[in-house]
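Worksheet for the structure shown next.
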Amino acid sequence: MPDGAYRSRGKPTVHGYTGDVEPAWDSHVETIYKVALVIMFLVVIFNLGQALYFMMTDKEGSKRTVWALTRRISFSLILIAMVILGIRMGWIHPHGVGQ
C-alpha cells in the first residue's frame, strides 16, 4: 500500500468495506511491537538460563550469577512496561480471561 493508505477492518459489503478504518502503517507497528515483545521475553529466559549455568559452574565468590539475575529482573521490568505501553497504545489487546 502507498504511504498514507488506509485499510478497513470491517465486513465486506456491496460498496466496499465497513467498519473501522486505520492507516496501513499501523498494522506494521503492531507486528513489529509484538516481535519486540517476543524477543524481549526470550532475552529474559536466556538470562535466567545463563544465571543457572553460572550458578552451577562458577566457584565461590563469582558475581556472574548475581549480574545475570540482575539483568533478568531489569529486562523483566522493561518487558512489563512494554506490555502496559502496548495495551495503552492499542497495539496489543488483552483477551479478558475470567470475565
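Overview of results
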{"read-out": "3J(HN,Hα) from dihedral phi, region 42-59, Karplus parametrisation 6.51/-1.76/1.60, rounded to Hz, x for glycine, proline", "value": "5, 5, 4, 5, 4, 5, 5, x, 5, 5, 4, 4, 4, 5, 7, 9, 6, 7"}
{"read-out": "Distance in nm between pseudo-label sites at L77 and H95 (7 Å out along the Cβ direction from Cα)", "value": "3.0 nm"}
{"read-out": "Top positive-direction residue, dipole computed over region 22-99 with Cβ charges, set H95, L79, A51", "value": "A51"}
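Values quoted throughout were computed directly from the atomic coordinates according to the rules given, and no laboratory measurement underlies them. Quick caveat: nothing in here was measured; it's all calculated off a predicted structure. Cβ coordinates were reconstructed from backbone atoms using ideal geometry, including for glycine residues, and neighbour counts include every protein chain displayed.
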